[in-house]
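Asks: Pasting a structure below so you can have a look.
Taken together, the values in this text are just the output of simple stated rules run on the coordinates, not laboratory data. Bear in mind the structure is a predicted one, so any value in this text is a computation, not a measurement. Neighbour counts run over all protein chains shown; Cβ positions are idealised from the backbone, glycine included.
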Amino acid sequence: MIQIDIRAKLGSFALDATFDVPTDGVTALFGRSGAGKTSILNAVAGLLRPTAGRIAIDDTTFFDSSEGTDVPISLRRLGVVFQDGRLFPHLTVRANLLYGAPRDPVLAAEPPSFDDVVALLGLGALLDRRPPGLSGGERQRVAIGRSLLMKPQALLMDEPLAALDGARKAEVLPMLAELRALRRVPILYVSHQMDEVVRLADTLVLISDGCVAGVGPVEDLTSRIDLRPLTGRHEAGAVLRGRVASIEPEWGLASIELGQQTFTVPATDLAVGQSLRVRIRARDVAIAVAPPSATSVLNALAGTIVNIAATDGPHVDIRLSLLDGQHLWARITRKSAAALRLDEGCPVYALIKAGAIDRHSLGPPPGSEDELA
Amino acid sequence: MTVLDLSPDEWSALALSLQVGAWSVVVGMPLAVATAWLLARIPFPGKALVDGLIHIPLVVPPVVVGYLLLLLLGRRGPIGAWLDAHFGISLAFTWQGAVIASTVMAFPLMVRAIRLSIEAIDPGLEAAARTLGAGRLRVLATVTLPLAAPGLLAGAVLGFARSLGEFGATITFVSNIPGETRTMPLALYTFTQVPGGEPAALRLMILSLVVAFAALALSEMMARRLRRRLDGGS
């Protein structure tokens, strides 16, 4: 269990955040810029001293104002990956990677080994170079490797992809998803990008104005309408969990099992039987009241309308309960909702174009280390 | 005697100047680095006062500093008497005293150059080093000082140059003794005060210029090498 209870004053900004999350898995701290996500991470790392509170991971207490505990930064053994990398410009990549390597032989022998880190992050060709000559993506990969090789008891990542452009991000994101195969430690991941959160995180902590607005599994929080202002209008959507039932290589498609129903996504690099998370944006879901026929849309999932939420505009957001109990959001026009006489309790079909599901919407499910290791 | 033929007296002045300058850097640098680091990175009460005290030699006449040193470190001064009684060390009228005078005069320049270069380092890099398990001393040795290397070099060169030019504090504190405290500026001054001393004074003037230029050229060469290293060449 990661226990965080922090009160701090930063100029006119007050931080008052309390939450407990499981140590097993990736926890995303999500919120707008300036919400206080990074301050929370800095407090855990020891870079910011709270005025009061308690910070602990499992049995290790890093900070407790009531006991007067405040473990020095250098003794916390928490691997921090900063947004800007913060590589040492005067050292080679190799020396950067080994800067935090523990001198204690027992700890040094813990996984991951230097070679494993270099292999996973693709750093072999960079070892003798210096940071000023590296690209943004290369720098972040070195920073991630450096934090792993200190054999941390947890990884703290502060928007490690925020400074990267689309292509660089696509280069680093899959590596982040595989980190836990190298070292099974809790990861706190700060982000303001919902696609990263869905791809990587198991638990979501929503931060708003220095306070915690919600804590829970990613699937639950992203489908809650009261949190919609925080999870984002553009990002509105839901996360479904399923299992890969079959691959159709000739079409480049994979079928995902959701209870009794199946769902098709454009991907072939998945293993049959592998469990998977799929993020479906509300604006990619259409509604039909009868089973559709003669349509190009591959996915028609049967379900029931749970509630209809008006937005301030021409749209309504409809929450559906699928046959297996998972929830889905659909954003359609108010006009269509009226024409179809949609109401709570109506049985409907959710139509989703397979093409609307891109690579970024598919993520490994929580606790998937077994498949990866 | 041609312009470049140096008399034994002139050779001795040159050697003494180089010796005093080098020792000033050796003695002054560790203190200057520690002071600059404290001022740049560690908050403590009375910082403004310490900052002001360090800069005194820049703003008062060197003769005043020399006289103050004589009062403190002279054989009858509080510190000088103590050193003499316990260690048999006497600084007044010795070349070691000249080193002290030069160091004190050069100190603010060294501290300033080093402090500026430490302040230019992103504190985030030092914070990153601490999260990686490095204590304050290791951060200083492996991150701060290597990144401040151009400033350390500038501080050392400034300190050396200031020592070569030291006159007022030296002549007041340790006098003008041939072979012991008569550095180049003192020798030059002495030659201008005796009849027929002009050719020797001229030679020492040229020699001073040559030494100064050589020091500048050497430091520029080293600075370029350092910059190349910090800018990512391997």
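Asks: Mind giving me the nanometre distance, one decimal, between the label points for B:Lys47 and B:Thr94, set 7 Å out from Cα along Cα→Cβ?
Replies: Those two pseudo-labels are separated by 3.8 nm.
Asks: Another one. Which value, in debye to the nearest 20, describes the size of the charge dipole of the stretch B:178-234 about its Cα centre when Lys and Arg Cβ atoms bear +1, Asp and Glu Cβ atoms bear -1, and nothing else is charged?
Replies: Numbers: 7 positive and 4 negative charges, 83 e Å.
Roughly 400 debye for the stretch B:178-234.
Asks: Ok, one more. Between B:Asp5 and A:Cys346, with labels modelled 7 Å along Cα→Cβ, what's the label distance in nm to one decimal, could you check?
Replies: Calculated label separation equals 11.5 nm.
Asks: Considering the options B:Ala40, B:Phe93, B:Leu218, tell which one lies farthest towards the positive end of the dipole of the stretch B:8-230, charges being +1 on Lys and Arg and -1 on Asp and Glu at the Cβ, about the Cα centre.
Replies: B:Ala40
Asks: Now for a separate question. In degrees from 0 to 90, rounded to the nearest 10, what is the angle of the helix A:166-182 Cα long axis to the longest principal axis of chain A?
Replies: Helix A:166-182 sits roughly 70 degrees off the main axis of chain A.
Asks: In addition: Specify which residue in the list A:Ala17, A:Ser135, A:Thr264 is farthest towards the positive end of the charge dipole of chain A, using unit charges on the beta carbon of Lys, Arg (+1) and Asp, Glu (-1), about the Cα centre.
Replies: After comparing all options, I get A:Ser135.
Asks: Moving on. Rounded to the nearest 5, what % of DSSP beta bridges with both residues in the stretch A:2-222 are antiparallel?
Replies: 60 percent
Asks: A follow-up question, please. Based on DSSP, what percent of beta bridges with both residues in the protein assembly as shown are antiparallel, to the nearest 5?
Replies: Of all bridge pairs located within the protein assembly as shown, approximately 80 percent are antiparallel.
Asks: Another question, then. With runs of 4+ DSSP H residues as the only contributors, calculate the mean residue ellipticity of chain A at 222 nm using -39,500 (n - 2.57) per run, divided by the residue total and rounded to the nearest 500.
Replies: Result for chain A, helices only: -6000 deg cm²/dmol.
Asks: Treat every Asp and Glu Cβ in chain B as -1 and every Lys and Arg Cβ as +1, leave all other atoms uncharged, and give the resulting dipole magnitude about the Cα centre to the nearest 20 debye. Could the numbers behind the result be given before it?
Replies: Numbers: 17 positive and 13 negative charges, 168 e Å.
For this selection, approximately 800 debye.
Asks: List the relative contact order of chain A as a percent without decimals, with contacts defined as Cα pairs under 8 Å and 6+ residues apart. Can you show the working numbers first?
Replies: Numbers: 803 pairs, mean separation 59.9, N = 373.
Reported as a whole number, the value is 16 percent.
Asks: Among rounded, prolate and oblate, which fits the stretch B:136-226 when a ≥ b ≥ c are the square roots of the eigenvalues of its C-alpha gyration tensor, a/c under 1.5 means rounded, and a/b larger than b/c means prolate?
Replies: Values: a/c = 5.26, a/b = 2.13, b/c = 2.46.
The shape class here is oblate.
Asks: Something else: Give me the three principal axis extents of the stretch B:8-230 from the C-alpha atoms, as integers in angstrom, largest value leading.
Replies: Principal extents (Cα only, largest first): 68, 43, 30 Å.
Asks: Continuing with this model, one more query. Can you list the lysines whose alpha carbon is less than 30 Å from that of A:Lys9, not counting same-chain residues fewer than 8 positions off?
Replies: Straight-distance partners of A:Lys9: A:Lys37, B:Lys47.
Asks: At most 12 other C-beta atoms within 10 Å and a DSSP loop state: those are the exposed GluC sites (Glu not before Pro) I care about. Give me the longest piece of chain A that has none.
Replies: A:68-249
Asks: About its Cα centre, what dipole magnitude does the protein assembly as shown give when the only charges are +1 on Lys and Arg Cβ and -1 on Asp and Glu Cβ, stated in debye to the nearest 20?
Replies: Values: 56 positive and 56 negative charges, 209 e Å.
Value, rounded to 20: 1000 debye.
Asks: The stretch B:186-200 to the stretch B:17-42: how many Å between their Cα centroids?
Replies: Each part's Cα centre sits 33 Å from the other's.
Asks: I'd like the Kirkwood hydrodynamic radius of the stretch A:237-363, using the inverse of the mean 1/r over distinct C-alpha pairs, in Å.
Replies: On the way: mean 1/r = 0.0673 Å⁻¹.
For the stretch A:237-363, the Kirkwood estimate is 14.9 Å.
Asks: What does the convex hull of the Cα atoms come to per residue for the protein assembly as shown, in Å³? Before the final figure, lay out the partial values.
Replies: Values: hull volume 132.4 nm³, N = 607.
Given the Cα convex hull of the protein assembly as shown, per-residue volume reads 218 Å³.
Asks: Given the options A:Asp104, A:Asp24, A:Asp116, which has the most mean-square fluctuation in a GNM of chain A, springs set between C-alpha atoms less than 10 angstrom apart?
Replies: Comparing A:Asp104, A:Asp24, A:Asp116 in a Gaussian network model of chain A, the most mobile one is A:Asp104.
Asks: Further, regarding this structure: Check A:Ile207: other-chain or 5+ apart residues with amide H under 5 Å from its amide H, H built from backbone geometry?
Replies: Under 5 Å from the amide H of A:Ile207 lie the amide H atoms of A:Phe30, A:Gly31, A:Ala213, each far enough along the sequence or on another chain.
Asks: Separation between the A:Ala109 and B:Phe87 pseudo-spin-labels, each 7 Å from Cα along Cα→Cβ, expressed in nm?
Replies: Each label point is offset 7 Å from its Cα along the Cβ direction, giving 5.0 nm.
Asks: Let me ask something else about it. Quick one: longest stretch of chain A between exposed loop trypsin sites (Lys or Arg not before Pro), exposed meaning at most 14 other C-beta atoms within 10 Å and loop per DSSP?
Replies: The answer is A:234-340.
Asks: Given the Cα-Cα distance of A:Ala245 and A:Gln260 and 0.36 nm per residue of separation, how much length would full extension add, in nm?
Replies: On the way: separation 15, 0.36 × 15 = 5.40 nm, distance 1.13 nm.
Computed gain between A:Ala245 and A:Gln260 is 4.3 nm.
Asks: Using only the Cα atoms of the stretch A:91-232, build the gyration tensor, take square roots of its eigenvalues as a ≥ b ≥ c, and label the shape rounded, prolate or oblate: rounded if a/c is under 1.5, else prolate if a/b is larger than b/c, else oblate.
Replies: Working: a/c = 2.54, a/b = 1.73, b/c = 1.47.
In terms of gyration-tensor shape, prolate.
Asks: Give a residue-ordered list of calculated ³J(HN,Hα) values for the stretch B:157-167 (Karplus: 6.51 cos²θ - 1.76 cosθ + 1.60, θ = phi - 60°; whole Hz; x for Gly, Pro).
Replies: 5, 4, x, 5, 5, 5, 5, 4, x, 4, 9
Asks: Please identify, among A:Ser191, A:Ser208, A:Ser33, the residue showing maximal mean-square fluctuation in a Gaussian network model of chain A using a 10 angstrom Cα cutoff.
Replies: Maximum among the listed residues: A:Ser33.
Asks: Once the convex hull of the C-alpha atoms of the stretch B:49-137 is built, how many Å³ does it hold per residue, rounded to a whole number? Please report the intermediate quantities before stating the final value.
Replies: Numbers: hull volume 12.9 nm³, N = 89.
Value for the stretch B:49-137: 144 Å³ per residue.
Asks: Given R₀ = 41 Å, what would the calculated FRET efficiency be for A:Asp269 paired with A:Thr69, taking r from the Cβ atoms and rounding to 0.05? Don't jump to the answer; show the numbers that get you there.
Replies: Working: r = 47 Å, r/R0 = 1.14.
That pair, A:Asp269 with A:Thr69, gives E of 0.30.
Asks: Return the aspartates and glutamates within reach of A:Lys169: Cα separation strictly under 19 angstrom, same-chain partners fewer than 8 residues apart disregarded; answer none if there are no such residues.
Replies: Once the sequence-local aspartates and glutamates are set aside, what remains near A:Lys169 is A:Asp84, A:Glu138, A:Asp158, A:Glu159, A:Glu178, A:Asp195, A:Glu196, A:Glu235, A:Asp358.
Asks: On to the next question. Looking at the stretch A:2-222 from every direction and averaging, what is the projected area of its Cα convex hull in nm²?
Replies: Working: hull surface 48.2 nm².
Reported value for the Cα convex hull: 12.0 nm².
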